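Scroll down for the structure; my scribbles are underneath it.
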Amino acid sequence: MKFSSLVIACIMTLYLVVLSWAFVIVLVEKCFIAPMLTALVVGAGPSGLVAAKILKENGYQVSVVEASGNIGGTFANKAYDNAELVSSKYITSFSDFRFESDAPDHPSLENYVEYLGRYCTFFSLWKHIRFHSRLVRLSKRLGKHVALVETTQDGGEGSETTRAESEYDCVAVCSGLHDEPYIPEVLLRVPFAL
């Protein structure tokens with residue numbers, strides 16, 4: 001009787017050791033070996049920059065594509081000359097990165113774009129932004145978002161353009177409300193009716 005109890009105790013101990021090692025291997029794999037999650041942010045205006053910063057802070061490997069040659073979105077690319085922000089610097093600035101105290105209460109759009117540049121520098125976002133790059137197609141394949149991005153070398157007409165396809169775990173579309181959306185035709189779409 002004592003021998004069989006000893007054998008059972010040894011087998012149980014061995015089982016627990018194997019189980020604990022399996023747990024350690026899974027833990028190490030999750031913490032150190034598992035690939036980093038990836039995120040694509042479309043647009044480098046204020047919302048795109050904040051999305052990139054938050055995703056980066058949460059452990060994502062971030063890539064931002066911006067169709068123009070600078071950050072700022074509408075504030076940089078579709079603005080009136082000499083325009084100023086309607087909202088004050090206190091409302092418009094981000095809670096984790098405020099305007100300087102000596103900035104005008106209603107900064108010019110040029111000042112706001114400069115502020116966004118300082119935001120990029122402070123949170124190390126510049127290296128994640130690809131300018132003159134636009135999302136051409138976005139699809140899903142095996143649980144990943146597949147993005148086809150077209151990049152023009154210097155942004156001008158006649159420049160060399162390259163296309164590259166990449167996979168991402170998530171996509172944040174921050175292209176702004178002043179761009180024309182592309183709404184694909186959906187086959188067999190049933191109109192909504194009451």
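The values are calculated or read from the model by the stated rules, or taken from the named source; none is laboratory data. Every value quoted in this text rests on a predicted model; they were computed, and no experiment measured them. All Cβ positions, glycine included, derive from the backbone under ideal geometry; neighbour counts span all protein chains shown. Side chains are part of the model used for accessible areas, which takes the heavy atoms of the whole protein and leaves out ligands, DNA and RNA. Shrake-Rupley method; radii C 1.70, N 1.55, O 1.52, S 1.80 Å.
Tabulated values for the structure
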read-out: Any hit, region 82-92, residues being under 20 Å from the mean Cα position of the chain (by Cα) and modelled with pLDDT under 90; value: no
read-out: Test set (1) open to solvent by 80 Å² or more (accessible area, probe 1.4 Å); (2) at pLDDT 90 or above - Glu185 fails condition number; value: (2)
read-out: Subset of region 113-131 [in contact with a strand residue (DSSP E or B) (Cβ under 9 Å, 6 or more places away or on another chain), open to solvent by less than 50 Å² (accessible area, probe 1.4 Å) and either without any contact (Cβ under 8 Å) to a residue 12 or more places away in the chain or not in a strand (DSSP E or B) (or both)]; value: Tyr115, Tyr119, Cys120, Phe123, Leu125, His128
read-out: Condition met for Val149 (open to solvent by 30 Å² or more (accessible area, probe 1.4 Å), part of a strand (DSSP E or B), aliphatic (A, V, I, L, M) and in contact (Cβ under 8 Å) with a residue 24 or more places away in the chain); value: no
read-out: Pick from region 62-105, criterion touching a Leu at 6+ places or on another chain (Cβ under 6 Å) and in a helix (DSSP H, G or I), ranking: least open to solvent (accessible area, probe 1.4 Å); value: Thr92
read-out: Per-region count, region 152-178, residues more than 19 Å from the chain's Cα centre (by Cα), modelled with pLDDT under 90 and open to solvent by 50 Å² or more (accessible area, probe 1.4 Å); value: 7
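Conditions tested, residue by residue: (1) touching a Ser or Thr at 6+ places or on another chain (Cβ under 9 Å); (2) of a type in the set (D, E, K, R).
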| position | (1), (2) |
| --- | --- |
| Gly72 | no, no |
| Asn77 | yes, no |
| Asp81 | no, yes |
| Phe99 | yes, no |
| Pro104 | no, no |
